[in-house]
Amino acid sequence: MGYQVVIPAAGLGKRMGAGKNKLLLPLNGIPVLIHTLLVFEDDEECEGIVLAIQPNDEQEFKKLIKKYKIKKVLSLTIGGKERQDSVYNALQTVSTDGIVLVHDGARPFIQQETIHQVVAAAEQDGAAVVAVPVKDTMKKVQDNKIIETIERSSLWAVQTPQAFRISILLEAHHLAQKDGFLGTDEASLVERIPYNIYIVESSYDNIKLTTPEDLYFAEAIIRKREIKEK
């Protein structure tokens, strides 16, 4: 059940307001990126990691990878203008068969059990993503006015990792390039082939660190896990 993982890490993180790549921010004394990489480093099923980066982060990333003894990073590829471009560049360096995951570098709380579940689903069905059911009441709004209430039992908030047979994800990227389509995630590209994508239920702890407030939630998740481990 081996897999490779692509981690886009070339974003500027403007909403975090840190003045640098948010993945370099400390979380419990360790950079966010390292928290994420260690999840895959410690997973026996992970066969390799490819990071898509900004050129000016390359030396800093290399230092961190060496300092924290991350052995599974196969390559650092230069990211593109959009996240989609960065993922495509990284895909050029992975094996041409098997399962590939795409995972946000700013989601450090993904658990190995969930990773294995989404990999197994992709092996069986070709494409799978992790997600959680929406808890809030959802409204469709136009010009600051509620148009309708959307029935939420069928709504899921999609996270990463998203897992695919490599051939399927490459086909989706090629089609998007041909059509000039820019998607919000890899699943949105694969949907256009079209190809069925299956859901694996994840955890609400699998947050993406996007704004300064998210760092408070992250610290709380760390404390919760530390208590649980005692």
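The values are calculated or read from the model by the stated rules, or taken from the named source; none is laboratory data. All values reported here derive from a predicted model rather than from experimental measurement. As a convention, Cβ positions derive from the backbone with ideal geometry for all residues, glycine included, and neighbour counts pool all protein chains shown.
See the values below:
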| quantity | calculated |
| --- | --- |
| Residue satisfying all of: in region 120-171; within 21 Å of the chain's Cα centre (by Cα) and hydroxyl-bearing (Ser, Thr, Tyr); nearest to residue 194 (Cα to Cα) among these | 167 |
| Tally of residues being surrounded by fewer than 16 Cβ atoms within 10 Å (Cβ to Cβ) and either assigned to a strand (DSSP E or B) or of a type in the set (Val, Ile, Thr) (or both) across region 110-135 | 2 |
| Scan of region 27-68 for residues that are out of contact with any helix residue (DSSP H, G or I) (no Cβ under 7 Å at 6 or more places or on another chain) and in a strand (DSSP E or B), ordered by number | 30, 47, 48 |
| Tally of residues being in contact with a helix residue (DSSP H, G or I) (Cβ under 7 Å, 6 or more places away or on another chain) and either part of a helix (DSSP H, G or I) or closer than 14 Å to residue 177 by Cβ (or both) across region 69-83 | 1 |
| Single residue of region 179-198 satisfying the filter (among the β-branched types (Val, Ile, Thr) and either surrounded by fewer than 16 Cβ atoms within 10 Å (Cβ to Cβ) or more than 19 Å from the chain's Cα centre (by Cα) (or both)) that is nearest to residue 36 (Cα to Cα) | 184 |
| Those residues of region 40-75 which are touching a Lys or Arg at 6+ places or on another chain (Cβ under 7 Å), under 14 Å from residue 105 (Cα atoms) and either at pLDDT below 95 or crowded, with 19+ Cβ neighbours inside 10 Å (or both), in sequence order | 40, 49 |
| Search result, residues across region 136-156 that are assigned to a strand (DSSP E or B) and hydrophobic (A, V, I, L, M, F, W, C) | 138, 141, 146, 147, 150, 156 |
| Failed item, numbered, when residue 101 is tested on (1) more than 29 Å from residue 120 (Cβ to Cβ); (2) touching a strand residue (DSSP E or B) at 6+ places or on another chain (Cβ under 9 Å); (3) of a type outside the set (Ser, Thr, Tyr) | (1) |
| Residues located in region 76-109, provided they are buried (at least 21 other Cβ atoms within 10 Å of the Cβ) and of a type in the set (D, E, K, R) | 104, 107 |
